[in-house]
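The values are calculated or read from the model by the stated rules, or taken from the named source; none is laboratory data. Because the structure is predicted, anything quoted here is derived from the model rather than measured. Note that we place each Cβ from the backbone using ideal geometry, even for glycine, and neighbour counts take in every protein chain shown. Heavy atoms of the whole protein, side chains included, go into the accessibility calculation; ligands, DNA and RNA do not. Shrake-Rupley method; radii C 1.70, N 1.55, O 1.52, S 1.80 Å.
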Number of protein chains: 2
Amino acid sequence: MDPSLLQDFIPVAGLLAVAFAIYLARDVLSRDTGTKEMMEVSATINEGAVAFIKRQYLTIGGLALVGSVIITVIISLLETKSVADTSHVGIDIGIRTGGAFLIGAACSMACGIIGMLVSVKANVRVASAARRSLVEAVQVAMRGGAVSGFLVVALSLLGVWTIFAINGGLDTANGTKDAPFLIVGYGFGASFVALFAQLGGGIYTKAADVGSDLVGKVEAGIPEDDPRNAGVIADLVGDNVGDCAGRGADLFESTAAENIGAMILGVAMYTLALNAGWSNPTAWIFFPLVVRAFGLVSTIVAMFFIRGSETENPMNILNRGYWVTTILSAGALALVTNAMMNTGTQTGPNGIPTWVFFFGCGIVGLATSIAFVYITQYYTAGSYRPVREIAEASKTGPATNIISGMAVGFETTLVTALTIGIALLASNWLGSQAGLVDATGKNIGGIFGTAVATMGMLMTTAYVLAMDTFGPITDNAGGIAEFSRAEAGARDITDRLDAVGNTTKALTKGYAIASASLAAFLLFSAYIDKVNLILGNQIKAGVPNVHLMTSVNLADVNVFVAALIAAMLVYFFSSLAIRAVGTTAQAIIVEVRRQFREIPGIMDYTGRPDYARVVDITTRAALREMMLPGAVAVATPIAVGLLLGYQAVAGMLMVGTIAGVLLATVLNNGGGAWDNAKKYIESGHLLDENGQALGKKSFAHQAAVVGDTVGDPFKDTAGPSLHVLVKLLATITLVMAPLFIR
Amino acid sequence: MDPSLLQDFIPVAGLLAVAFAIYLARDVLSRDTGTKEMMEVSATINEGAVAFIKRQYLTIGGLALVGSVIITVIISLLETKSVADTSHVGIDIGIRTGGAFLIGAACSMACGIIGMLVSVKANVRVASAARRSLVEAVQVAMRGGAVSGFLVVALSLLGVWTIFAINGGLDTANGTKDAPFLIVGYGFGASFVALFAQLGGGIYTKAADVGSDLVGKVEAGIPEDDPRNAGVIADLVGDNVGDCAGRGADLFESTAAENIGAMILGVAMYTLALNAGWSNPTAWIFFPLVVRAFGLVSTIVAMFFIRGSETENPMNILNRGYWVTTILSAGALALVTNAMMNTGTQTGPNGIPTWVFFFGCGIVGLATSIAFVYITQYYTAGSYRPVREIAEASKTGPATNIISGMAVGFETTLVTALTIGIALLASNWLGSQAGLVDATGKNIGGIFGTAVATMGMLMTTAYVLAMDTFGPITDNAGGIAEFSRAEAGARDITDRLDAVGNTTKALTKGYAIASASLAAFLLFSAYIDKVNLILGNQIKAGVPNVHLMTSVNLADVNVFVAALIAAMLVYFFSSLAIRAVGTTAQAIIVEVRRQFREIPGIMDYTGRPDYARVVDITTRAALREMMLPGAVAVATPIAVGLLLGYQAVAGMLMVGTIAGVLLATVLNNGGGAWDNAKKYIESGHLLDENGQALGKKSFAHQAAVVGDTVGDPFKDTAGPSLHVLVKLLATITLVMAPLFIR
């Protein structure tokens, strides 16, 4: 097949996905919105969420504007001819980078806002559907989630493609090979927004959750999401602003940044193909975009397989769609690698064509994704050893519950690291077998193999993100059902969906971590390519004492110290994020206690708590508290680069990724396991020595609630923010490289 | 001064320290042993401790024997002429290495046993002295601790010196430059024993502590160390076997391994000095031993400054001695660097003599030690923000207490990493200014500078270890006073000493971490030197395609994956250690509950609990549980080396050190802060909104007890075991290097 035909398919697939998202949104909005009570509470949630998002995105937008001006100035001043990686220098490249940053930031914000708005509209409709049918409720929730999923991935694809086109990338004769370097600002803009969106939303949602649970469930002894609790609306708002808006921004930037990094690696393949005289050398640069376009189409098809029976486990219904997406993606991968990786007569060993090896790399990526789905389930679902172990430990109180949960969290790094290690080694080995050797005699197929694996993994992003957003939508639907005191049948269904939503949220985090680790190599190699392009230009210009960067030497003291600081950064950043939740939660507790005390009649439903005040307190605190960790994350790599140089930054990037991925694993899985240990006890699975179930309100359950509360900021604030931090390290260094080479 | 005179001083100082330790031990043993009740409980503790140590060291001894045989066989088979680093090959080097391993293991075991025995004798005498005088109690406890301190450091010094002499190190004409490579087995043997001693002791002590606290203080509502609690003797035994025996073995191996590593780096300086024709080139190899000898003498002098008044804060009395040790060490450092670092007419910039730069490096080491003393105090003492923050968070329950403590633990990595980073950069820079350039034009002064800084830091080890052992001795004395229901005045004094002991134990951990990080560079460079010696011999022998190892390239996939596995290892290892404590503690809880239920009259003191049964259960469980983490720690670096090669092992070593040091910091300081937040509340410093103290048994106090319990296995099992793990990685790779090069 002609590769240029496939290249033309990129915007088509993107627009198709947008159209499909609009179709899904209209479908969701056409559903009935339930009882009057449901509509009321839904409107209150909507109000709080919109108020928060407005203030948050105004703040972030302001920061992004300032950021883009600073970047424009820095790059204009620094990226002079002597340190430029392309022929664009000075103000030209400064404005291109700053502009790309701003567009990336704007797209990321748009994703966050749209995802949140749809989710707020979908939750009440799911609550209403739950009064009638499980399958209908699943479909509404999943379609609501898919609106986010498709829009995020499509906007990321169209955004990268458009800015690539603006920078001359479609001019295959001249522009394609330079354009990837000109658009790195886009990824940085996306990470920048994602960082603050995830931090602010994560702090908000967990402070509200922890605060209202502690003061409601633990102190006052009333159920979760009970309308007498003044913090409960803030909690429901939090699900939308944290889990929907935050994760949307996170995965938007993942796909964008990793896509651009893979295109930069494609430039080396392009040069090779050009020199060897293979046809369509630019196909290597377009490849990441095309693969993702086919991933989107596979996901659209898969949406029609989300069906099942009323008695089925809802997770099976969702899994069906996931497997369809994966299988179609694998087929598409074969088509795309076969069409685009033309190496003429050159083959790997035994005459196996080059594309077969890279097809294998893509399959490694898809397999890694599947592996993480099962690993996460094992560690966070109630049917396996880890969660049971925590539940057992709860019998001797909160201390042993916490100790046991930490042990489980730490333990999860084992399979995570081994899986990532095997995926990296396998894709690198497959790629290196393809026989691609550059002009200096270096085999460059291995690194490109890891990039192809990452792209393969990202094919299913839209589906995974849809499953993820399913989580907060059903969580909210359950909250609305409880709050509006809906009939028991509806609450049973929303409870079942909520439990599945917890699993899908955990899966998405595993997926995000795995893709960040696979991408580490790709982004890191893109950084080295960019540095060497600059150093190479300096060497050509006759600057003395300049050598290409051939290794990142850990035995160099500067690199070692940078690595130490990177590993520290992930702890310190998490500390700030966790503390922010604690501080904000305590403010909520104090306020809700005051309302219980001072507003008469709350407990017998005759007095109405002042929900808005708690929402307001939480909003202000969350936005204030997100500034410090955000600033630390942005400033540290720049400071290290300025003080210790460009090689040290590379070390920081690598070790920061390792440390960040592992700590995020600990926090996410530990938190998920605590959560489900509590649910395990609540469903009566934990038995005492006489075989009696230790259910709700037992000593063990109280201990498990402590663990669940501790896990909240771990798994929903610090952990997901670490994903973004890791990728921010990559995009910031990619953009700021000229600053470190002076 | 003639350097050879200083070299002769090594065994003299070692023997002097042993003699002084014997004098101190006799002094302690001559003190009165208190009331009949005190003697009784002390005898029971002694019995349990000896029983545990006997079983533990029989197990460890067996493992060490097997280990030495395996090492002898592996090295004999593998270190053939083509991969040997010296002229000793085959069975010769195999037996040397295996023998050194066994001697190192034996010395380490001796240190652990002696330290424990003295501590068990000292505690009852401190309890008795506390009935009369604070200063006397401090003196007895500190002298008891100093017996351990001096013996550990002196045995390490004499052991390295003896085995160095046996391997021809005193033959300065031929043997000195080879001997450091022949004795690496000694360090490995010491780490091997330290690992199991720290793990077994750490699991024992914290399982007993957590178990008996939960079932006694929390459930039954009786005070800590109350005789009605069947777990209390096991708890008191634990202080001795975990804190004394474990830490003794830990610091024994630190000093031994880092000393040998520094001597290996000294060989490069020796070669340089020989080629340049400077006098006494072997002085560079002897330097680490001489510096430590002077450190010992400084500490002996300082012991006479441990005096003060009855009303003084006991910490001040101990600090006085620490500062005397530091100041005398600084003076000795000037003397030794001046005498031993003779570079003829060669100087650094501006004519500053070479030795001045290395004197500066040593001062950096001493300063790092002081910095860690204050950092640890800030983060774990009740007078500063972090502990207060945790105490405040306890007002809203155990969940916020845990969240806040984790945030503090994570936060402590900031100053830790910055201090270590600055120390490394400073000592490396100072060393690199000294103008020492080897035959290939490489400046080798920087790395040696970091080694000198490490040696400077280790000068105060004996004093720090004495302060550390002061901790468990006073902890035990308090337990004996409480258990024997001694008069209130005595208990007041032991409580005050116990609080100081908590601080000194935390300080020692900070010290151990800082020295491990500073030493990372040294041990790592020693590994590279050894690998290059082997590769160099292969190149000389004409083996094709062999290159010297010039960098540890993180951009290499194998190195990156090894680094990922290293960072994972520290989590997984900690997970196993923490889980072991949880498992063992639950067994204790079940048993103590059974005794409360089934033995009549325990609560009104008419029935006697079956202490021995709890001791026995704990012993068996702890020894069983130490095997898996120990095996994982030993097997992982070997597996990585075999699968991914010698460069990957170097990456594993570096990143494992970074990850291990930071996680240990989190666990140690988080645990210490939780502990002292509880004490802060107990002393009535936490006030409610009306200004009333929230003391013991308040809601906040109960929450703080949960945090304290969670912190126990963090700070006393996993954290200290990580120190040993980090150093084991270094010694194991140093010994096994030939295995990875094939």
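Do we find that B:Val706 is closer than 22 Å to B:Ile375 by Cα, modelled with pLDDT of 90 or more and within 10 Å of another protein chain (Cβ to nearest Cβ) in this structure?
no
Keeping to region A:393-430, report how many residues are open to solvent by 40 Å² or more (accessible area, probe 1.4 Å) and at the interface with chain B (Cβ under 8 Å from one of its Cβ atoms).
Looking only at that region, the number is 3.
Would you check if A:Ala499 is open to solvent by 30 Å² or more (accessible area, probe 1.4 Å), at pLDDT below 85 and under 21 Å from the mean Cα position of the chain (by Cα)?
yes
Identify, by number, the condition in (1) away from chain A (no Cβ under 14 Å); (2) surrounded by fewer than 24 Cβ atoms within 10 Å (Cβ to Cβ); (3) farther than 30 Å from A:Asn532 by Cβ; (4) in contact (Cβ under 8 Å) with a residue 60 or more places away in the chain that B:Ala488 doesn't meet.
The number of the failed condition is (4).
Go through (1) at pLDDT 90 or above; (2) open to solvent by 20 Å² or more (accessible area, probe 1.4 Å); (3) under 26 Å from A:Phe304 (Cβ atoms) for A:Ala371 and report which single condition fails.
In the conditions (1) at pLDDT 90 or above; (2) open to solvent by 20 Å² or more (accessible area, probe 1.4 Å); (3) under 26 Å from A:Phe304 (Cβ atoms), A:Ala371 misses (3) alone.
Out of (1) open to solvent by 30 Å² or more (accessible area, probe 1.4 Å); (2) without any contact (Cβ under 8 Å) to a residue 24 or more places away in the chain, the odd one out for B:Pro281 is which?
(1)
Out of all the residues in region B:677-713, which are of a type in the set (A, V, I, L, M) and open to solvent by 10 Å² or more (accessible area, probe 1.4 Å)?
Once the filter is applied, which keeps residues that are of a type in the set (A, V, I, L, M) and open to solvent by 10 Å² or more (accessible area, probe 1.4 Å), region B:677-713 yields B:Leu687, B:Ala693, B:Leu694, B:Val705, B:Val706.
Matching residues to (1) surrounded by fewer than 19 Cβ atoms within 10 Å (Cβ to Cβ); (2) touching a strand residue (DSSP E or B) at 6+ places or on another chain (Cβ under 7 Å); (3) more than 14 Å from chain B (Cβ to nearest Cβ); (4) in a helix (DSSP H, G or I):
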{"residue": "A:Ser515", "(1), (2), (3), (4)": "no, no, yes, yes"}
{"residue": "A:Leu522", "(1), (2), (3), (4)": "no, no, no, yes"}
{"residue": "A:Ala526", "(1), (2), (3), (4)": "no, no, no, yes"}
{"residue": "A:Val531", "(1), (2), (3), (4)": "no, no, no, yes"}
{"residue": "A:Leu535", "(1), (2), (3), (4)": "no, no, yes, yes"}
{"residue": "A:Ile539", "(1), (2), (3), (4)": "yes, no, yes, yes"}
{"residue": "A:Asn545", "(1), (2), (3), (4)": "yes, no, yes, no"}
{"residue": "A:Ala555", "(1), (2), (3), (4)": "no, no, no, no"}
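What about B:Ala51, is it buried (at least 16 other Cβ atoms within 10 Å of the Cβ), in contact with a helix residue (DSSP H, G or I) (Cβ under 9 Å, 6 or more places away or on another chain) and at pLDDT 90 or above?
no
Name every residue in region A:677-700 that is within 14 Å of chain B (Cβ to nearest Cβ) and in contact (Cβ under 8 Å) with a residue 12 or more places away in the chain, in order of residue number.
Of everything in region A:677-700, those that are within 14 Å of chain B (Cβ to nearest Cβ) and in contact (Cβ under 8 Å) with a residue 12 or more places away in the chain turn out to be A:Ala677, A:Lys678, A:Asp688, A:Phe699, A:Ala700.
Are any residues in region B:283-340 over 19 Å from B:Leu15 (Cβ atoms), among the small types (Gly, Ala, Ser) and out of contact with any Gly (no Cβ under 7 Å at 6 or more places or on another chain), and if so, which ones?
B:Ala283, B:Gly308, B:Ser309, B:Gly321, B:Ala330, B:Gly331, B:Ala334, B:Ala339
Name the residue that is most open to solvent (accessible area, probe 1.4 Å), counting only residues in region A:152-200 that are outside any loop (DSSP other than H, G, I, E, B) and more than 21 Å from A:Ala730 (Cβ to Cβ).
Taking the candidates together, the pick is A:Ile166.
Identify the single condition in (1) part of a helix (DSSP H, G or I); (2) over 21 Å from the mean Cα position of the chain (by Cα) that B:Ala262 does not satisfy, given that it satisfies every other one.
Exception for B:Ala262: condition (2).
I'm told A:Ala567 meets every condition in (1) closer than 28 Å to B:Ala648 by Cα; (2) surrounded by fewer than 24 Cβ atoms within 10 Å (Cβ to Cβ); (3) within 8 Å of chain B (Cβ to nearest Cβ) except one. Can you identify the failing condition by its number?
Looking at each condition in turn, A:Ala567 falls short on (2).
Looking at region A:583-594, which of the residues that are more than 7 Å from every other protein chain (Cβ to nearest Cβ) and of a type in the set (Val, Ile, Thr) is most open to solvent (accessible area, probe 1.4 Å)?
Restricting to residues being more than 7 Å from every other protein chain (Cβ to nearest Cβ) and of a type in the set (Val, Ile, Thr), the top hit is A:Val590.
Here are A:Val632, A:Val640: which of them is within 11 Å of another protein chain (Cβ to nearest Cβ), farther than 29 Å from A:Thr400 by Cα, at pLDDT 90 or above and surrounded by fewer than 24 Cβ atoms within 10 Å (Cβ to Cβ)?
On inspection, the qualifying residue turns out to be A:Val632.
If you take the residues of region B:19-38 that are buried (at least 18 other Cβ atoms within 10 Å of the Cβ) and part of a helix (DSSP H, G or I), which of them is nearest to the chain's Cα centre (by Cα)?
Within region B:19-38, the match that is nearest to the chain's Cα centre (by Cα) is B:Ala21.
Which of the residues belonging to region A:54-70 are open to solvent by 40 Å² or more (accessible area, probe 1.4 Å) and either in contact (Cβ under 8 Å) with a residue 12 or more places away in the chain or touching a Phe, Trp or Tyr at 6+ places or on another chain (Cβ under 8 Å) (or both)?
Within region A:54-70, A:Arg55, A:Thr59, A:Leu63, A:Leu65, A:Val69 meet the criteria.
Does region A:665-675 include one or more residues that are among the aromatic types (Phe, Trp, Tyr), touching a residue at least 24 places away in the same chain (Cβ under 8 Å), on the phi < 0 side of the Ramachandran plot and open to solvent by 10 Å² or more (accessible area, probe 1.4 Å)? Quick ask: steps written out before the conclusion?
So the first thing to find is which residues in region A:665-675 are among the aromatic types (Phe, Trp, Tyr), and the list is A:674.
Those left that are additionally touching a residue at least 24 places away in the same chain (Cβ under 8 Å): A:674.
Now restrict to residues that are on the phi < 0 side of the Ramachandran plot: A:674.
Narrowing the set further to residues that are open to solvent by 10 Å² or more (accessible area, probe 1.4 Å) leaves none.
Scanning region A:665-675, I find no residue that is among the aromatic types (Phe, Trp, Tyr), touching a residue at least 24 places away in the same chain (Cβ under 8 Å), on the phi < 0 side of the Ramachandran plot and open to solvent by 10 Å² or more (accessible area, probe 1.4 Å), so the answer is no.
Scan region A:216-228 and tell me whether some residue there is more than 14 Å from chain B (Cβ to nearest Cβ) and part of a helix (DSSP H, G or I).
The answer is no, given that none of the residues of region A:216-228 is more than 14 Å from chain B (Cβ to nearest Cβ) and part of a helix (DSSP H, G or I).
In region B:322-352, which residue that is open to solvent by less than 50 Å² (accessible area, probe 1.4 Å) and of a type in the set (Val, Ile, Thr) is modelled with the lowest pLDDT?
B:Thr343
Exactly one condition in (1) part of a helix (DSSP H, G or I); (2) more than 14 Å from chain B (Cβ to nearest Cβ) is false for A:Arg608; which is it?
The single condition A:Arg608 does not satisfy is (1).
Looking at (1) at pLDDT 95 or above; (2) more than 7 Å from every other protein chain (Cβ to nearest Cβ), which is the one condition that is false for B:Ala580?
(1)
Going by what's in this entry, would A:Ser87 be described as more than 28 Å from A:Val241 (Cβ to Cβ), open to solvent by 30 Å² or more (accessible area, probe 1.4 Å), touching a residue at least 40 places away in the same chain (Cβ under 8 Å) and not in a helix (DSSP H, G or I)?
Criteria met by A:Ser87.
From (1) under 25 Å from B:Tyr680 (Cβ atoms); (2) surrounded by fewer than 19 Cβ atoms within 10 Å (Cβ to Cβ); (3) hydrophobic (A, V, I, L, M, F, W, C), pick out the condition that doesn't hold for B:Ala381.
(2)
For A:Ala293, state whether it is aliphatic (A, V, I, L, M) and closer than 30 Å to A:Leu725 by Cβ.
Working: aliphatic (A, V, I, L, M): yes; closer than 30 Å to A:Leu725 by Cβ: yes.
For A:Ala293, the condition - aliphatic (A, V, I, L, M) and closer than 30 Å to A:Leu725 by Cβ - is met.
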